[in-house]
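Notes follow once the structure below has been shown.
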Amino acid sequence: MNKAIALTTLAFSLALGGQAQAHGSKAKHGGIVQSSGDLSFELVSKDGVATIYVDDHGKDLATAGMSGSLTVLQGASKSVLPLAASGANTLVAKGVSLARGNKAVASVTFANKDVVSVRFSVK
C-alpha cells in the first residue's frame with residue numbers, strides 16, 4: 001500500500017514539474033523575464049529607455065491601447081515613469097537606467113481596462 005502511494009505521489013510530482021517548466025519563458029531580447037498568468041513580460045534597459053516586451057505563449061501580443069507605469073526602486077530612491085505602447089508588442093518608459101540590485105514594478109493596463117502588475121529584480 002505504501003509503495004502505491006509513493007509511486008502515485010512521485011508520478012504526480014513529475015507531471016506537475018513538467019507543466020511548470022512548460023510555462024517558463026526565455027529572454028528573447030537579453031532582458032529579465034517574468035510571467036503573470038499566461039503572459040510573459042521581458043524588461044530590457046538600454047540607453048535610458050526601459051522596454052517591456054509582451055508575449056502570450058511565445059507569440060507577440062499587440063500592445064496597442066495598453067498603458068501603465070514603471071516604478072523603479074534604486075536603494076532608498078523611487079521613481080515612477082509612464083509606460084506607453086510602442087511598436088508591435090512593446091511598452092516603453094523613457095528616462096530610466098536600471099542597475100544591479102534595482103527593483104522594478106510594471107503596472108500594465110490593457111485596452112479592456114484589466115490591470116496586471118509584474119515585478120522584476122535586476123541581477
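The values are calculated or read from the model by the stated rules, or taken from the named source; none is laboratory data. In this text, all values refer to a predicted model and were calculated from it rather than measured experimentally. Cβ: placed from backbone, ideal geometry, glycine included. Neighbour counts: every protein chain shown. Note: areas computed on protein heavy atoms with side chains; ligands, DNA, RNA excluded. Shrake-Rupley method; radii C 1.70, N 1.55, O 1.52, S 1.80 Å.
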>> Whether any residue in the stretch 52-62 is of a type outside the set (D, E, K, R), loosely packed, with under 13 Cβ neighbours inside 10 Å and modelled with pLDDT under 95 is what I want to check.
In response: yes
>> Asp114 - would you say it is open to solvent by 70 Å² or more (accessible area, probe 1.4 Å), farther than 17 Å from Ser25 by Cα and more than 17 Å from the chain's Cα centre (by Cα)?
In response: no
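Condition check ((1) open to solvent by 40 Å² or more (accessible area, probe 1.4 Å); (2) over 14 Å from Gly48 (Cα atoms); (3) of a type outside the set (Val, Ile, Thr); (4) within 14 Å of the chain's Cα centre (by Cα)) across all residues:
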residue: Met66; (1), (2), (3), (4): no, yes, yes, no
residue: Gly75; (1), (2), (3), (4): yes, yes, yes, no
residue: Lys78; (1), (2), (3), (4): yes, yes, yes, no
residue: Pro82; (1), (2), (3), (4): yes, no, yes, no
residue: Ala99; (1), (2), (3), (4): yes, no, yes, no
>> Cβ-Cβ distance below 7 Å, separation of 6 or more or different chains: which pairs start in the stretch 97-123 with a residue that is aromatic (Phe, Trp, Tyr) and end on one that is part of a loop (DSSP other than H, G, I, E, B)?
In response: Phe110/Met66
> Mind checking whether some residue in the stretch 84-94 is open to solvent by 20 Å² or more (accessible area, probe 1.4 Å), out of contact with any Lys or Arg (no Cβ under 6 Å at 6 or more places or on another chain), closer than 20 Å to Val115 by Cβ and at pLDDT below 95?
Replying inline: yes
> So which residues in the stretch 23-64 are of a type in the set (Asp, Glu) and more than 12 Å from the chain's Cα centre (by Cα)?
Replying inline: Asp47, Asp60
